[in-house]
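Working notes, beginning with the structure itself.
Please treat every number below as a calculation from the coordinates, not as lab data. All values reported here derive from a predicted model rather than from experimental measurement. FYI the Cβ positions are ideal-geometry reconstructions off the backbone, even for glycines, and counts take in every protein chain you see.
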Amino acid sequence: MSKVVIMDHPLIKHKLTMLRDKNTGSKEFRELVTEISTLMAYEVTRDLPLQDIEIETPITKMMSPVISGKKVGLVPILRAGLGMVDGMLSLIPAAKVGHIGLYRDPETLQAVEYYCKLPQDVAERDLILLDPMLATGVSAISAIQFLRKSGAKSIRLVCLIAAPEGVKAVQESAPDVDIYLASLDEKLNDHAYIVPGLGDAGDRLFGTK
Ligand code: URA
């Protein structure tokens, strides 16, 4: 079974409170999503492999660790996942960015794919799938299945807020995909919104509605 990591650092908790507040406008919302994503990037990359290289300090030669050849790919699920890219890239600037476009059919609540462009060497990359809200899990599961069909071997999922229903669905469908969250909320409502959540992440990021 995959692991679920809930990042309850005080800075993340504080910023998440501001993000949830319905009076937070799009500009501040975007900034907060970027800041939280940067903080989450720190934890998501904790197990990246290191290799020692020789360098010379002003005092002496030494062997010192750098991130080894392992390559990272960021894959935001359009459109709300886009909000998390810049924050992640600020800590992992060499990552390539792929995109998966999915929307949720309001009638069936099923994910419909409308766009996909991934790095060519997707099979060799540690992929970090980005979506601020893990609600029913339908989008994340579809994206994971698509990434696998494209050859992906290593996938982790990073969301700001999840509902228990979504976490369970992803764990059942993709038991090897670790899930990183800033908060595990209470439940889904009848419209598949997370409670208490933050509303529609895409609308709040981009000022639509
Ligand atoms: N997508 C959102 O943007 N918000 C939710 O609460 C659920 C899905």
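Modelled spin-label separation between Val4 and Ile55, with each label point placed 7 Å from Cα along the Cα-to-Cβ direction: 3.9 nm. Highest GNM mean-square fluctuation among His99, His14, His191, for the chain modelled with Cα contacts below 10 Å: His191. With a simple spin-label model that places each label point 7 Å from the Cα along the Cα-to-Cβ direction, the separation between Ile67 and Tyr114 comes to 3.2 nm.
Springs join every pair of Cα atoms under 10 Å in this Gaussian network model of the chain, and among Ala163, Ala94, Ala135 the largest mean-square fluctuation is at Ala94.
Expressed per residue, the C-alpha convex hull volume of the range 1-142 stands at 161 Å³. Between the range 153-170 and the range 1-29, what is the separation of their alpha carbon centroids in Å? Using only Cα atoms, the two centres lie 15 Å from each other.
Within the listed set Asp190, Asp21, Asp126, the Gaussian network model of the chain (springs between alpha-carbon atoms below 10 Å) gives the highest mean-square fluctuation for Asp190. The sum of -39500 (n - 2.57) across all DSSP H runs of n ≥ 4, divided by the residue count of the chain, sets its helix-only mean residue ellipticity at 222 nm to -9500 deg cm²/dmol. Taken about its Cα centre, the chain carries a charge dipole of about 240 debye when Lys and Arg each add +1 at the Cβ and Asp and Glu each add -1 at the Cβ.
Show me the GluC sites (Glu not before Pro) within the range 137-201 that DSSP assigns to loop and that have at most 14 other Cβ atoms within 10 Å of their Cβ. Those that pass, being in a loop and sparsely packed, are Glu186. Taking amide H positions as modeled 1.01 Å from N, with prolines and chain starts lacking one, the residues under 5 Å from Arg156 and 5 or more places away or on another chain are Leu127, Ile128, Leu129.
For the range 19-61, trypsin sites (Lys or Arg not before Pro) are listed when DSSP marks them as loop and at most 12 other Cβ atoms sit within 10 Å of their Cβ; the list is Lys22, Arg46. Each part reduced to its alpha carbon centroid, the range 86-103 and the range 190-209 end up 21 Å apart. Normalising the average separation of contacting C-alpha pairs (under 8 angstrom, six or more residues apart) by the number of residues puts the relative contact order of the range 117-209 at 27 percent.
Relative to the longest principal axis of the Cα atoms of the chain, the long axis of helix 138-149 lies at roughly 40 degrees.
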